[in-house]
1. I'd like the full set of residues that are among the small types (Gly, Ala, Ser) and surrounded by fewer than 23 Cβ atoms within 10 Å (Cβ to Cβ), limited to the stretch 101-121.
2. Quick one: count up the residues across the stretch 117-154 that are basic (Lys, Arg), out of contact with any strand residue (DSSP E or B) (no Cβ under 8 Å at 6 or more places or on another chain) and under 20 Å from Thr214 (Cα atoms).
3. Please determine, by comparing only the residues of the stretch 176-232 that are among the β-branched types (Val, Ile, Thr), assigned to a loop (DSSP other than H, G, I, E, B) and surrounded by 15 or more Cβ atoms within 10 Å (Cβ to Cβ), which one is farthest from the chain's Cα centre (by Cα).
4. For the stretch 119-158, what are the residues that are closer than 26 Å to Ile220 by Cα, of a type in the set (A, V, I, L, M, F, W, C) and either assigned to a loop (DSSP other than H, G, I, E, B) or modelled with pLDDT of 95 or more (or both)?
5. Hey, can you tell me all the residues within the stretch 104-152 that are acidic (Asp, Glu) and either farther than 26 Å from Lys44 by Cβ or more than 20 Å from the chain's Cα centre (by Cα) (or both)?
6. I'm checking my understanding of the structure. Among residues of the stretch 34-63 that are of a type in the set (A, V, I, L, M) and crowded, with 22+ Cβ neighbours inside 10 Å, which one is farthest from Ile10 (Cα to Cα)?
7. Could you list all residues from the stretch 115-146 that are without any contact (Cβ under 8 Å) to a residue 24 or more places away in the chain and hydroxyl-bearing (Ser, Thr, Tyr)?
8. Which pairs have Cβ atoms under 7 Å, sit 6 or more apart or on different chains, and link a residue in the stretch 1-24 that is within 22 Å of Ile121 (Cβ to Cβ) to one that is at pLDDT below 60 and open to solvent by 60 Å² or more (accessible area, probe 1.4 Å)?
Amino acid sequence: MDLMIKKKKIVLICARSGSKGIKDKNIQKIGKFNLLQLAIKQAKKIPNLKSIYVSTDSNKYKSIAEKTGAIVPFLRSKLLSKDNTPEWKVWQNFISKMRLNDEQIIIILPTTSPNRNLSDINKGIKLFEKKKHDIIIAVTESAKNPYFNMLEKKGNNLQLSKKNKKKFFIRQGLPKVYDMTTFFYILKCGFIKKKSSLHQGKIGGITIPRARATDIDTIIDLEFARFIKKNLSNY
């Protein structure tokens, strides 16, 4: 295989049709385009990209994806399209069926993060190319902190979720904690093949503003994403 081809990145966008929280979530519109189209259009702008693939169980979604410029090499099986199917298994199945090289860099772009910026993706790619991490994600600084104001139940009582020898009375000085986003996952196919979770590797992250960190799961999330897109697109 040509070395330059091996170095080129591919994008995988997963879009099953059976979402229950929002019917046909992956093709809900934000502005002129639906979520699947937005993800594909953004992927097209990533530099040094070899191909954009979509994994779906739906002929309707397949048609939308192909008209927007993505490749749908096969339809996902029902077994891998259930509500409780770990997406990691979908990635593994795709890599296996496509016989992708272990060194192939793959960028997973979830449809549910429509407020993602291209600059966010490019920052993530640059960090990954430093070769210090197995996977790169995007994070936001958490509004709550397990050392300060997050509680868990122990018996009949509530207590701090995480204890430290040092007592914290104000937020300043607390160990920083982050919320994971579904912006993107940048990694190599070999890592996906050999592991069963991103937490089994060295995770690197770029920090993004909370306003862009939309993860659409409910109608409220969808309406918030539409508001951000319309009113705070430069945030």
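1. Ser119
2. Total satisfying the criteria: 1.
3. Within the stretch 176-232, the subset among the β-branched types (Val, Ile, Thr) is 177, 181-182, 186, 192, 203, 206-208, 214, 216, 218-220, 228.
Within this subset, residues satisfying the condition of being assigned to a loop (DSSP other than H, G, I, E, B) are 177, 181-182, 208, 214, 216, 218.
Checking which are surrounded by 15 or more Cβ atoms within 10 Å (Cβ to Cβ) leaves us with 177, 181-182, 208, 214, 216.
Numbers: Val177: 19, Thr181: 7, Thr182: 3, Ile208: 13, Thr214: 11, Ile216: 11 Å.
Here the answer is Val177.
4. Ile121, Ile137, Ala138, Val139, Ala143, Met150
5. Taking the stretch 104-152 first, the residues acidic (Asp, Glu) are 120, 129, 134, 141, 152.
Asp134, Glu141, Glu152 - these are the residues of the stretch 104-152 that are acidic (Asp, Glu) and either farther than 26 Å from Lys44 by Cβ or more than 20 Å from the chain's Cα centre (by Cα) (or both).
6. Here the residue is Leu35.
7. Ser119
8. none
The values are calculated or read from the model by the stated rules, or taken from the named source; none is laboratory data. Bear in mind that the values here come from a model prediction, so they are computed numbers and not experimental data. All Cβ positions, even for glycine, are placed from backbone atoms using ideal geometry, and neighbour counts span all protein chains on display. Protein only, heavy atoms only, side chains kept; ligands, DNA and RNA dropped before computing areas. Shrake-Rupley method; radii C 1.70, N 1.55, O 1.52, S 1.80 Å.
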